[in-house]
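J.: Starting off with a structure, shown below.
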Amino acid sequence: MIRRMGDFVEVRGSIPEVLEGDLADELSSMAVLGVQIEPAAPGVSHVSVWAHTGDAELIDGIRGVLFDLGSETVACIPTPARDWSGRWRESLVAFEVGERWWIDPHPDGAGGAPDGRFRLTVVPRAAFGSGTHESTQLVLMDLEDVACGGRTVLDVGTGSGVLAVAADRLGAAVVVALDIDPIAAWEARSTSARQAWTCRPSIVAGSVGCLGDASFDLILCNMIVTHFGPMLDRIRCALAPGGTLILSGILESERRTVQELLTGSRMAIVGQRCLGEWISIRAARRSEA
């Protein structure tokens, strides 16, 4: 049977903000059509997850995840055939991040960035990294503090490609945007093509291991701890001696766990930054490691 595209159900609930990472982990194996997370109250996040109307098993699974993560009620709301994601994107406005960035969700927008800021055109679609989440903003702010000019940069789990594009804008000599999800790799390529300058990161669909013996002066990794933790040893091997690793996607409550993981991978912590409930950690590969 051919199912008519456009018949959706929005599964809506509210979960503790600190469990957003667990939500991403639980939904990663489900064929959901989209997820939107936004603040509802201090410490509480409103969650909407979309699925096809006819996929009852998937809808039940989403409901179960939201209940398990503490949502007291879960509503299933039929959504008529329409480009709901496009209508949502139309409502977005450009915004500042840190001291240097201007994130614009509208590629055809006539306005440029304010003086002293770099405009990054990022259209929210299927891949993570629209620039609105604290974990992405933390890496963008960290990039303001590290030297990118003439350096080699690897963005692990690139998602939308916004971090790779930012490194390219700061003058990196080589930028590799890596993701195991081919859809994310496609989104990253689209993001790079939307920029006002000639932006040419190398887009690779695969794991860190597919890069062989390549090494990088700077590695960016904005992923939840359960995803990047098992990769840390391989990431360290891809980091040039004395190079810098920027990790994000870390909740404040996970700080000590990540510090221990970095120590176990023979990397030294050289800086940390906090934004809301989220932190980023900068680490260096010890020259003797």
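The values are calculated or read from the model by the stated rules, or taken from the named source; none is laboratory data. Bear in mind that the values here come from a model prediction, so they are computed numbers and not experimental data. Here Cβ is always computed from backbone atoms with ideal geometry, including for glycine, and neighbour counts include all displayed protein chains. The area values use the complete protein model at the heavy-atom level, side chains included, leaving out ligands, DNA and RNA. Shrake-Rupley method; radii C 1.70, N 1.55, O 1.52, S 1.80 Å.
J.: At 222 nm, what helix-only mean residue ellipticity would the chain give, in deg cm²/dmol to the nearest 500, using -39500 (n - 2.57) for each DSSP H run of four or more?
T.: -7500 deg cm²/dmol
J.: Lys and Arg at +1, Asp and Glu at -1: add these up for the other residues within a Cβ distance under 13 Å of F216 and post the number.
T.: That sum, taken over residues with Cβ under 13 Å, equals +1.
J.: Can you tell me the order of 33-39, 180-186, 217-223 when each peptide is scored by its average per-residue count of other Cβ atoms within 10 angstrom, highest first?
T.: Going by the mean number of other Cβ atoms within 10 Å, highest first, we get 217-223, 180-186, 33-39.
J.: Any idea what the relative contact order of the chain is, in percent, if you count C-alpha pairs under 8 Å spaced at least 6 apart?
T.: For the chain, the relative contact order is 13 percent.
J.: For region 251-270 and region 1-66, what is the separation of their Cα centres, given in Å?
T.: One Cα centre to the other: 31 Å.
J.: To the nearest 0.05, what FRET efficiency results for R200 and V18 with a Förster distance of 41 Å applied to their C-beta separation?
T.: 0.60
J.: Let me ask you something else. Which of W50, W278, W197 moves the most in a Gaussian network model of the chain with Cα springs under 10 Å?
T.: It is W197.
J.: Counting Lys and Arg as +1 and Asp and Glu as -1, what is the net charge of the other residues whose Cβ lies under 15 Å from the Cβ of P114?
T.: Net charge around P114: -1.
J.: Same structure again: With the crude spin-label approximation of a point 7 Å out along Cα→Cβ, what separation in nm comes out for S28 versus L92?
T.: It is 2.2 nm.
J.: Still on this model: Roughly how far apart, in whole Å, are the Cα centres of region 170-194 and region 218-235?
T.: Taking the Cα centre of region 218-235 as reference, the centre of region 170-194 is 17 Å away.
J.: Something else now. Taking the Cβ of R282 as the center, what net charge do the other residues with Cβ under 11 Å away carry, scoring Lys and Arg +1 and Asp and Glu -1?
T.: So the surrounding residues net to -1.
J.: By how many nm would the segment from A268 to E57 lengthen if fully extended, with 0.36 nm per residue of separation less the alpha-carbon distance?
T.: Full-extension gain reported as 71.4 nm.
J.: Want the number for C210 to R234: 0.36 nm per residue separation, take away the alpha-carbon distance, what's left?
T.: 7.6 nm
J.: Would you mind calculating the gained length between D145 and H106 on full extension (0.36 nm times residue separation, minus the Cα-Cα distance), in nm to one decimal?
T.: Taking D145 through H106 to full extension adds about 11.3 nm, to one decimal.
J.: Starting from the residue with the highest accessible area, list C148, C237 in decreasing order, probe 1.4 Å.
T.: C237, C148
J.: If you line up the long axis of helix 56-68 against the longest principal axis of the chain, both from Cα atoms, how many degrees apart are they, to the nearest 10?
T.: Value to nearest ten degrees: 60.
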